[in-house]
Each structure stands twice: as structure tokens, then as C-alpha cells.
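Everything below concerns the one structure shown next.
The values are calculated or read from the model by the stated rules, or taken from the named source; none is laboratory data. Here the structure is a predicted model, which means the values were calculated and not measured. All Cβ positions, glycine included, derive from the backbone under ideal geometry; neighbour counts span all protein chains shown. The area values use the complete protein model at the heavy-atom level, side chains included, leaving out ligands, DNA and RNA. Shrake-Rupley method; radii C 1.70, N 1.55, O 1.52, S 1.80 Å.
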Amino acid sequence: MLLLVLAALLLLFCTLDVWYFLRGVHVFIEATFQPRVRDLLAEQSIDGMVLPHDLDYMGHMNNSRYLRECDFARFHHYMRNGLFMASRKLGARMVVGASTIRYRRSLAFREAFEIRTKIVGWDEKAFYVEQRFVSKRDGFVSAIMLCRQNVVHCSPESIIEFVCKKKIECPVFPEELQHWISFITASSQALRAESGLEEKNK
């Protein structure tokens, strides 16, 4: 019996990213018992530390780990400000439509950091989120990411109105966000033209 259990666990860990799902459950439980954040535009932060499984062959935090940590930080953010539960009740789904990250300084083994997450704006289809990796050693912003969180089967304004019970005016987009959205739009148009979709829609 013990061998069967061990074999089943081995198969599970080989076929699924078990730690990812366990971490998701942990974030869910942690955020559930933390105080609600009423201000949707408020910055929130979670703490982290570079552990052995985060390292690349150079001894620094692997590039892909930054994106993974951002996933959990956004989930935590949406749980505490009510957007996650509101989207579920409205039958909506929030999926990543685009993201870009700029690495400014590597995070070393056992270096403590915090991820600061905030919603910088929204349009009729998506929320735009900024996330910063800030070293606790000296406050340096080691990496910064922009994420477009697409809303499916609903709209950001509907979710916000459901949470706040009133309409909230979207902040003015920062200049760098405007440039990034222009890049996404131009890229989409180029890919559609490349695949012939633009001609079919005329």
C-alpha cells in the first residue's frame, strides 16, 4: 500500500505542478482572513524571499519565477479588494492578455523582497496592473511589470460597480502605459493582417 501511495505521489508530481496549486490554495486562505481593502486603486504588497527552487544556473532568481510570483500577487490583490469574488458572481473570467517585464537588478539567493501591486487603470475590456519587485535590502526596484488583465463575459466597469456600488472614474493612464497599449494594438493589427483576418473582416 505504501508503495502504491508513493507511486501515486510521484506520478502526481511528475504530471502536475503540484506546488503551484498548493501555493494558490495558501494565497486564497491567507487573503480570505486578511482585512478587506476598500480602495480599488490602493497599492498592496506581499513579501517574498529567493529560495533554492527559484534559482537559475547563475545563482539568481530565474526570469520565469518573476512572472509566477506576479500571478500569486495579483490573485492576492484581487482577493483582498473584492474583484475576484465579484467576477465569479458575475460569471466573468479574468485572464492575462499581455504582460511585459523589465529586469533592473537580479535578486540573489535568500534576498528578501516585496511585490507591490496596483491597478493603474482600465478600459472596456481589461484592467491594467503594475507590479514592482522591491528589494528589502535597500528599497531598489529590481523589476517592474505591466499586465493587461482581460475580462471575459463581462466588463471591468461592471465588476467595479458591483464591488463599490457606484461608478468609479478611471485614472489618467501614465505615459508609459499609453505607449505599451499602443504597442499591443499595433502588434495585434500586424498579426491580424499577416493571417489575413483584416481582409476577411472588410
* Run a plain Debye calculation on the chain (Cα atoms as equal point scatterers, no solvent) and give log10 I(q)/I(0) at q = 0.09 Å⁻¹, rounded to two decimals, same order as the q list. => -0.43
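If you count only protein heavy atoms with a 1.4 Å probe, what accessible area per residue comes out for the range 44-173, rounded to a whole Å²? Before the final figure, lay out each step's value.
Working: 6570 Å² over 130 residues.
Accessible surface, normalised per residue, equals 51 Å².
DSSP loop chymotrypsin sites (Phe, Trp or Tyr not before Pro) in the range 55-95 with at most 16 other Cβ atoms within 10 Å of their Cβ, which ones?
Numbers: sites: 57, 66, 72, 75, 78, 84; in loops: 57.
Here the sparse-neighbourhood loop sites are 57.
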* So for 155, 135, what's the accessible-area order with a 1.4 Å probe, most first? -> 155, 135
* **Taking the chain and dividing mean pair separation by its residue count, relative contact order in percent (alpha carbons under 8 Å, at least six apart)** => 19
* Taking 7 Å along the Cα-to-C-beta vector as the label spot, tell me the residue 178-residue 49 distance in nanometres, rounded to one decimal. => 4.3
* Structure fact -> With label points set 7 Å from each Cα along the Cα-to-Cβ direction at residue 34 and residue 3, the distance between them in nm comes to 4.6
* Asked: Pairing the Cα long axis of helix 175-194 with the longest principal axis of the chain, what angle in degrees results, from 0 to 90 and rounded to the nearest 10?
  -> 80
* Stretch residue 90-residue 157 to full length: gain in nm at 0.36 nm per residue minus the Cα-Cα span? -> 22.9 nm
* Asked: Per-residue accessible area for residue 14 at 1.4 Å probe radius, Å² rounded to 10?
  -> 100
* Structure fact -> Other residues with Cβ under 12 Å from the Cβ of residue 62 give, with Lys and Arg +1 and Asp and Glu -1, a net charge of -1
